[in-house]
Amino acid sequence: MPILKNEASSRVFVHIGLSRQIIHTDNLMTVVNEFMDGPWNEPEPLHSHPHQQTGYIAEGEVIFYCEGEKDHRLVKGDMFCVAPNVKHTIKCLTPIVRIVDSFTPIREEFLAGAKEPSFAK
């Protein structure tokens, strides 16, 4: 069974305050996003993508914004789903927020610069 040990994995530093750990197969990607620059005064800009997404709040608290839905305060242990092409974003409420996202199909643009192993065939 392919595995990725935390101590052996590398983080991709996306920008100041955000790092990612990535693992994927042909059709499924899991991304551990760690935001280290909270709390924020404003949310990130809304964005959308053609991927299905689920998210799990592993640490911290956020406000989750999703087009067509009321805003939700999410805490450790909460989860969310985003349908393809729906605008969404977060606002970090704590100094550190860790979100585990899964995407299908995979986010090819996240692989640029990533050094994580692929378990794609």
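The values are calculated or read from the model by the stated rules, or taken from the named source; none is laboratory data. Since the model is a prediction, treat every value here as computed from it, not as a measurement. Every residue, glycine as well, gets a Cβ built from its backbone with ideal geometry; the counts of neighbours run over all protein chains shown.
Taking region 1-88 as the region of interest, the strands (runs of 3 or more DSSP E) fully inside it that hold 2 or more residues being modelled with pLDDT of 95 or more and farther than 15 Å from Asp101 by Cα are 61-66, 72-75. Among the residues of region 64-80, those identified as surrounded by fewer than 14 Cβ atoms within 10 Å (Cβ to Cβ) and either among the acidic types (Asp, Glu) or within 20 Å of Arg20 (Cβ to Cβ) (or both) are Glu67, Glu69, Asp71, Lys76, Met79. I'd like the full set of residues that are among the acidic types (Asp, Glu) and closer than 22 Å to Leu4 by Cβ, limited to region 14-72. Those that are among the acidic types (Asp, Glu) and closer than 22 Å to Leu4 by Cβ: Asp26, Glu34, Glu59.
Only one of (1) of a type outside the set (Asp, Glu); (2) under 15 Å from Thr89 (Cα atoms); (3) without any contact (Cβ under 8 Å) to a residue 24 or more places away in the chain fails for Gly17. Which number is that? Every listed condition holds for Gly17 apart from (2).
Between Arg107, Arg98, the distinction of being more than 20 Å from Lys5 (Cα to Cα), surrounded by 15 or more Cβ atoms within 10 Å (Cβ to Cβ) and of a type in the set (Lys, Arg) belongs to Arg107 only. Within region 29-52, being surrounded by 17 or more Cβ atoms within 10 Å (Cβ to Cβ) and polar (S, T, N, Q) holds for Thr30, Asn33.
Being at positive phi, polar (S, T, N, Q), in contact (Cβ under 8 Å) with a residue 24 or more places away in the chain and out of contact with any His (no Cβ under 7 Å at 6 or more places or on another chain) is a property that Asn33 lacks.
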